[in-house]
Amino acid sequence: MRTFAIALNTAREAIRNKLLYTILFFAVVVVAVAALFGSVSIGDPLKFVKDFSLMSVSLFGVAIAVMLGVSMLHKEIGRKTIYNILAKPVARWEFIVGKFLGLVATLTLVVALMTAALLAIVAAFEGRIDWTLALGAQMTALELMILVAVALFVSAVVVTPTIAGLVTAAAFVAGRCAGYLEYFGGPEQPLALRGIARGLYWVLPHLDRLNVANQVAYGDPVAASYVLTVAVYAFAYTGILLLLAIFMFSRRELV
Amino acid sequence: MGSILEVKSLTKYVNDPWTFRRITLLDDLNLSLAHHEIFGLIGPNGAGKTTTLKLIVGLLRPSRGTVLFEGSPLDVVARAAIGFLPEQPYFYDYLTVEETLTFFARLYGLSGADRRDRVLVLLRDLHLDAKRNAPMRTLSKGTLQRVGIAQAMLARPRLLILDEPMSGLDPAGRAHMRDLIRGLRGVGTTVVFSSHVLPDAEAVCDRVGIIAGGKLREIVSLQGEAEPDAYLLSVRRMTAEALAALQRVAMGPAAANGEIWSVRLPGRDAVRTAVDTVHSADGVIESLMPVRPSLEERFLAWVKPEARLD
């Protein structure tokens, strides 16, 4: 009940944020422009449109996730609205979980809206709805869920929102490149580099595994078992980060 | 009747991140509040009032000491029976007044019709009906303070903690807030509030705690007649010998005003001796009055040394 109330209020705050609509507007514009350019590009125009549009959905989603994920907790503390909440029978874990659920619900809605625009544009070209695009969007939603957990964890530790934002954005970039760590962790590499690479391999979120835009755009099949495995991974990684965020936040003084 | 709130050896210190020096914000505070009491915590800015209240409601962790609510440690569950108004309450500016109260009612676990009824009653009681659909960002300081009180009262709290509830209010707003606090006693609520305005505390409190420099210096009862600090005896037709005898039991030399002499006597025993002396010398007692320092005098007695340190 309390967690739900906080989640609902978090979603309401995000939905009433004008910046969200600005980013959403630009995302739709970019998808439309991609369609326009795709129609005059060399090669298969639809593949270009699908690939570029899925990338846009992901990048704009990431921008919103970082912006909302980092600012929500800092705003609550900075504006002291948190005093009104935590002086009530609300445990700190309920507050963090509520914030997380509200942000994830908002981002899922945002991804759904952008995906609906993408499906409509592609349908206008193809004359049919390509539902495989929705799979790519679902994976993006899982990626954003992890990023929200990262943002909340970093916000629970770091005092400055700018630093929290930079760290979360860096986690996204590093997570997308996590596959390269396998190379640096290989036996032919120096011991120190191997150690660091293997450490990072276990710590960083493997967001590259959640990026199936290419397969979807080029019509390559994505196995159901693969989707299930990465979904389990995403939920497990998110769960562990949330536990850490709750632990750090419960130790934080609200001076 | 036992106490509703018991604070034992409550201490809070922080370490300066640059010098690693320990800074004591609150030092060994002990306090016990009776049911239905109105208790004021008064002190200058930075005395430790807000720290005390934040420690009580659990927004800060004590370095030492305990807070007991109705005999049990004050935990998350116990906060269901406590209302808290933070200093200069901040709200979500994108919500309306009714949405704000509904949100906080959900946090108290109120559901369905009970939640709706409670919100409506508080909107009416705190004269917020006209502002029901107004966004919080458009409200005046006084109205925000009323919303703050309303959110603190949502769960019909047995203990209400108000941090500077009259801060920034105009005279009418202050009078309304005083009436509101007095009225809460009638519905069985114990109230603790902080203030640095003495008349506000004097107007509504049963007892007042003077806090300065992070220490609770003195608790003053404002109910009934407190034991006087001294007695002022005024006499006339006194011989030089009788006056000398009188001055021996007095706190200082006698002051003359025409044919009347006045002395300050330290206690009841001194009064008895002085009265016997006057009667033995065939003198006339003009008046005998207890001397009680005002709350302001008591307050300044503790605060002045702090100010000197500043």
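The values are calculated or read from the model by the stated rules, or taken from the named source; none is laboratory data. Owing to the predicted nature of the structure, the values given are computational and were not obtained by experimental measurement. Here the Cβ is made from the backbone with ideal geometry for all residues, glycine too, and neighbour counts use every protein chain on show. In case anyone asks, the SASA skips ligands and DNA or RNA and just uses the protein heavy atoms, side chains included. Shrake-Rupley method; radii C 1.70, N 1.55, O 1.52, S 1.80 Å.
Association of chains A and B removes close to 2800 square angstrom of accessible area from solvent, both sides included, for a probe radius of 1.4 Å.
For chain B, the longest principal axis of the alpha carbon atoms and the long axis of helix B:171-186 meet at an angle near 90°. Label positions at A:L228 and A:L19, each projected 7 Å from the Cα along the C-beta direction, are separated by 4.0 nm.
For the stretch B:230-291, what does the relative contact order come out to in percent, with C-alpha contacts under 8 Å and a separation of six or more? Can you show the working numbers first?
On the way: 109 pairs, mean separation 32.6, N = 62.
Relative CO of the stretch B:230-291 lands at 53 percent.
Measuring only protein heavy atoms, the 1.4 Å probe finds A:K80 accessible over about 80 Å².
In the stretch A:1-142, what percent of the accessible surface is made up of carbon and sulfur (1.4 Å probe, ligands and nucleic acids excluded)? Walk me through the numbers on the way to the answer.
Values: 4260 of 5730 Å².
Taking all protein chains in place, the stretch A:1-142 shows 74 percent carbon and sulfur surface.
For the stretch B:139-178 and the stretch A:80-130, compute the distance between their C-alpha centroids and round to whole Å. Rounded to whole Å, the Cα centres lie 35 Å apart. Mind pulling the angle between the C-alpha long axis of helix B:240-249 and the longest principal axis of chain B? Nearest 10 degrees, somewhere in 0 to 90. Tilt relative to chain B: about 30 degrees.
Counting only other chains, and only Cβ atoms inside 10 Å, what mean value do you get across the residues of A:86-99? Could the numbers behind the result be given before it?
On the way: counts 7, 16, 17, 12, 6, 4, 2, 0, 2, 1, 0, 0, 1, 0.
Averaged over the peptide's residues, the number is 5.
Legend: distances between Cα atoms for B:K49/B:K141; A:K99/B:K54; A:K88/B:K141; B:K49/B:K131; pairs beyond 28 Å are B:K49/B:K131.
Determine, from the Cβ-Cβ distance of B:V291 and B:T239 and an R0 of 30 Å, the FRET efficiency 1/(1 + (r/R0)^6), rounded to the nearest 0.05.
Numbers: r = 26 Å, r/R0 = 0.86.
For R0 = 30 Å, the calculated efficiency reads 0.70.
Quick check: residue separation of B:V121 and B:V197 times 0.36 nm, minus the Cα distance between them. What number comes out in nm? Don't jump to the answer; show the numbers that get you there.
Working: separation 76, 0.36 × 76 = 27.36 nm, distance 3.01 nm.
Taking 0.36 nm per residue and subtracting the Cα distance, the gain is 24.3 nm.
Could you tell me which of rounded, prolate or oblate describes the stretch B:230-291, using a ≥ b ≥ c as the square roots of the eigenvalues of the alpha-carbon gyration tensor, with rounded for a/c under 1.5 and, failing that, prolate when a/b is larger than b/c and oblate otherwise? List each step's numbers first, then the result.
On the way: a/c = 1.44, a/b = 1.23, b/c = 1.17.
Rounded.
Please identify the longest segment of chain B free of exposed GluC sites (Glu not before Pro), where exposed means a DSSP state other than H, G, I, E or B and no more than 12 other Cβ atoms within 10 Å. Longest gap between qualifying sites, sites excluded: B:1-224. Annotation note: chymotrypsin sites (Phe, Trp or Tyr not before Pro) in the stretch A:199-234 located in DSSP loop regions with a Cβ neighbour count of at most 12 within 10 Å are A:Y218. Contact order for the stretch B:3-221, expressed relative to its length and based on alpha carbon pairs under 8 Å spaced 6+ residues apart, stands at 30 percent.
As a quick test, which of the pairs B:K12/B:K215; A:K75/B:K215; A:K80/B:K8 have an alpha carbon distance above 22 angstrom in this structure? All intermediate terms of the calculation are to be shown ahead of the outcome.
Details: B:K12/B:K215 11 Å; A:K75/B:K215 32 Å; A:K80/B:K8 27 Å.
Too far apart for the 22 Å limit: A:K75/B:K215; A:K80/B:K8.
To the nearest ten degrees, helix B:141-153 and the longest principal axis of the Cα atoms of chain B are 80 degrees apart.
State which stretch of chain A is the longest one without any exposed GluC sites (Glu not before Pro), exposure meaning a DSSP loop state and at most 16 other Cβ atoms within 10 Å. So the longest stretch without any such site is A:1-187.
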